[in-house]
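Here is the structure we will look at, set down as structure tokens.
The values are calculated or read from the model by the stated rules, or taken from the named source; none is laboratory data. These numbers come from a predicted model, not from an experiment. Counting neighbours? That spans all protein chains shown, and the Cβs are built from the backbone with ideal geometry, glycine included.
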Amino acid sequence: MTHWIWNDAMKEALDLERLISRVLDDEAGPQERKTLRRLERQDPEFAALAEEYAWLDREAGAAMRAALGRAALPAPGRKDPPAWRYAPLAAAACLALMLGWFGPQRQASPTGGVQTAQAGQSWFLPTTPARSVSETDESSLTRLDRPYQRHVAVDRDWIIVPGDEPGEFLVLELNKIHKVAVAIQQDF
Amino acid sequence: MKRPAAASTMTEPMSASATGETLRSLTAAAHWNGRPAADQLVREHDRWLRSVIYGITGRAELVDDVAQQVWLQVCQRLDSLKAPDRQRSWLYAIARNAALDLSRAQRRLQQRTNSLETVPEPDGGARGASPVGSVLRGELQERLLRAISALPALYREPFALRHLEGWSYAEIGELLELPIETVETRLVRARRLLQEMLKGVAL
């Protein structure tokens, strides 16, 4: 029979791992973060362990998201910046509004000067209307061309693709080729 | 057993509790409107269910299969849902059962059959002409995914929810019906196991 001896060293190791984990998960309070930073300064081995866990967390998360085709999550622990940080942005927005309302109304130069905005038109509007990408793409695709998917090592007999209308689905039946090796045993 | 506190709201991805009311209203609408509301249910909740499926199976290639099974069952059994307050748990239970069933079926299939030829993994042409850094990056990701797949589902599920959905301990505990301390412990053990499995991998 194996007896687990729960000594102080093991408990301390678990507590340290728990502290690192809570900081990585953005669940730690300010005091816990301060404790972690102090321990990192005092103990290079602990600092290396914390760095290893942080690296592992980043890479494992990125690998899972890549495997599932997900974008990166927003950075955790981002606190709202103080109000004064918004002052330059607010000033720029006010300036943009002012230019939009009271922008230069110069007439076009007879000699072909700089193109100016028409009266009542914002400087920031695009000069050409935006082209719908979906219109272009859809016109060149037939219904059977959508979507392209490659499936490896799956057992699905069918694929369900959402249609254009809510509640509409396209059901594709797969024709699979099974490759199975059967052991042949010879009896004498 | 300490119950998790009410979860905080998140903008994107969707939090565990911020849209409880939305889920109730959508399900109620689905009963009356049929497919359109069910389609919206899928769009609203497919993401976190897929994270759950990956957490249970540990294999990204199975997520699509299981997700389709889940939503078909949801559509078939929607009329039987009686308690709007338990809808998230109901969805989770369907996803969990489907994921476990497929995982078991895959394991039985692998035990019974030996394939002489293996279908090569699509590499997208990355290995042929890409720089060494990209190749090493791809190999690192493969090692990480294999290590994550080797984790016990007990630890992998909260680990996946934490990294794929960014949920807090309280939100994970609410879905998995676990105390916050248990969620925390399982995440600690998941990280420790990964660290042991990947010892020696360069930082």
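The table below gives the values:
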{"read-out": "Answer residue from the stretch A:41-56, given it is more than 7 Å from chain B (Cβ to nearest Cβ) and surrounded by 13 or more Cβ atoms within 10 Å (Cβ to Cβ) and is farthest from B:MET197 (Cα to Cα) among those", "value": "A:ASP43"}
{"read-out": "Selection from the stretch B:158-179 of residues that are among the charged types (D, E, K, R), touching a residue at least 40 places away in the same chain (Cβ under 8 Å) and within 12 Å of chain A (Cβ to nearest Cβ)", "value": "B:GLU165, B:GLU171"}
{"read-out": "Residue match in the stretch B:159-182 (condition: surrounded by fewer than 18 Cβ atoms within 10 Å (Cβ to Cβ), out of contact with any helix residue (DSSP H, G or I) (no Cβ under 7 Å at 6 or more places or on another chain), assigned to a helix (DSSP H, G or I) and not hydroxyl-bearing (Ser, Thr, Tyr))", "value": "yes"}
{"read-out": "In the stretch B:44-67, the residues that are at pLDDT 90 or above and surrounded by fewer than 19 Cβ atoms within 10 Å (Cβ to Cβ)", "value": "B:ASP46, B:ARG47, B:GLU61, B:ASP64"}
{"read-out": "Neighbours by Cβ (under 7 Å, 6+ apart or cross-chain): first from the stretch B:62-77, within 11 Å of A:ILE160 (Cβ to Cβ); second at pLDDT 90 or above and among the basic types (Lys, Arg)", "value": "B:ALA67/B:ARG50"}
{"read-out": "Test: residue in the stretch B:138-156 that is surrounded by 13 or more Cβ atoms within 10 Å (Cβ to Cβ), at pLDDT 90 or above and not in a helix (DSSP H, G or I)", "value": "yes"}
{"read-out": "Of residues in the stretch B:49-69 being among the polar types (S, T, N, Q) and more than 10 Å from the chain's Cα centre (by Cα), the one farthest from A:GLY61 (Cα to Cα)", "value": "B:GLN69"}
{"read-out": "Hey, A:ALA13 at pLDDT 70 or above and within 30 Å of B:LEU198 (Cα to Cα) or not", "value": "yes"}
